[in-house]
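Student: Dropping a structure here in structure tokens format, bear with me for questions.
The values are calculated or read from the model by the stated rules, or taken from the named source; none is laboratory data. The structure displayed is predicted, hence computed values, not measured ones. No Cβ is skipped: glycine too gets one built from the backbone with ideal geometry, and neighbour counts run over all protein chains shown. Note: accessible area is taken over every heavy atom of the protein model, side chains too, but ligands, DNA and RNA are not part of it. Shrake-Rupley method; radii C 1.70, N 1.55, O 1.52, S 1.80 Å.
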Amino acid sequence: MAVLLAGVVGLSGCAQSAAPSIDGSIERPARQATQQVRPHGPTADTYRRWGLPAPLARPPRAPAKTPVHAAGPGLPPVVDRVPTRDRVVFLTFDDGAEKDPRFVDMVRELRLPVSMFLTDRVAGPGYAHFGRLRAVGASVQNHTLDHPYLPGLPYAGQRAEICGQQEKLKQRFGIRPRLFRPPYGAYDDDTLRAAADCGVAAVVLWRTPHRLRPGAILHCPEGTHGTTLTETTIRILTSIQRQGFTVARLEDYL
């Protein structure tokens, strides 16, 4: 698993479904309710209580159309960075091994947009935790049933891994994920065909940047070196702020 902490922290210490359009870009339905009423954000005291020196900037309104392109006819786009000039980055977490209750509180109090790519074998015994996360605004996405190296499987095996987790998450949360991340970031043509057949709108990878760029998709580590997921995320948020960026919801751009 790539570790964001070295790349980013080291520098400084329910969107509606959408489908690819004919030209391969992704269009999202209008979010009229959220556009008409935009709630006030957390107070500065709330951020300080979580160890952040100042509030995160409110992200700009996401564009109605993001210019990402399909990997081929009938295939979903593969995205490791969102093409945008907005000074936003996206927080993504994999597997679901760490179930830190304080992380739920932080996401709720800071209204922090995070995307959780879940593997059933890892997260399954604790899906209630991710239900609580989803209830406070996190999104739940697909990271396969068993976390295999997908290019080592035939098409049928890959399809079973991806579609199987689509169904598991639909049964548990009532939604079929639109985004999919292959374990280890490894995929081949069969992966893309299987993802398309399972209803995936985009395959999401990541980059581990030395410096942040607009649209960076960050692969956030779970707690490392004795730290909790919450503590690690706060250090990442501090680095994001120092570089003049804020956090946006990935699902609003894809």
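Student: Could you say whether any residue in segment 214-225 is modelled with pLDDT of 95 or more and in a loop (DSSP other than H, G, I, E, B)?
Tutor: Yes - at least one qualifying residue is present in segment 214-225.
Student: Can you pull out every residue in segment 218-250 that is open to solvent by 10 Å² or more (accessible area, probe 1.4 Å) and touching a strand residue (DSSP E or B) at 6+ places or on another chain (Cβ under 6 Å)?
Tutor: Applying the first criterion (open to solvent by 10 Å² or more (accessible area, probe 1.4 Å)) to segment 218-250 yields 222-228, 231, 234-235, 238, 241-245, 249.
Result: F245, single match.
Student: Moving on to the next point. Within segment 137-159, is there a residue that is aliphatic (A, V, I, L, M), open to solvent by 50 Å² or more (accessible area, probe 1.4 Å) and assigned to a helix (DSSP H, G or I)?
Tutor: Initial filter on segment 137-159 (aliphatic (A, V, I, L, M)): 138, 140, 145, 150, 153, 156.
Among the residues that remain, those that are also open to solvent by 50 Å² or more (accessible area, probe 1.4 Å) are: 153, 156.
Add one more test, that the residue is assigned to a helix (DSSP H, G or I), and what stays is 156.
Taking every residue of segment 137-159 in turn, at least one turns out to be aliphatic (A, V, I, L, M), open to solvent by 50 Å² or more (accessible area, probe 1.4 Å) and assigned to a helix (DSSP H, G or I).
Student: Among the residues of segment 44-56, write down those that are surrounded by 15 or more Cβ atoms within 10 Å (Cβ to Cβ) and either within 15 Å of Q243 (Cα to Cα) or of a type in the set (V, I, T) (or both).
Tutor: So in segment 44-56, the residues surrounded by 15 or more Cβ atoms within 10 Å (Cβ to Cβ) come out as 46-47, 50, 52, 55-56.
If the condition is that a residue be surrounded by 15 or more Cβ atoms within 10 Å (Cβ to Cβ) and either within 15 Å of Q243 (Cα to Cα) or of a type in the set (V, I, T) (or both), then T46, L52, P55, L56 are the ones that fit.
Student: Ok, one more. For the list (1) open to solvent by less than 10 Å² (accessible area, probe 1.4 Å); (2) at pLDDT below 95; (3) closer than 23 Å to Y184 by Cβ; (4) not charged (D, E, K, R), I need the number of the one condition that P209 fails.
Tutor: P209 satisfies all of (1) open to solvent by less than 10 Å² (accessible area, probe 1.4 Å); (2) at pLDDT below 95; (3) closer than 23 Å to Y184 by Cβ; (4) not charged (D, E, K, R) except (1).
Student: What do you reckon, is V3 open to solvent by 50 Å² or more (accessible area, probe 1.4 Å) and at pLDDT below 50?
Tutor: Answer is yes for this residue.
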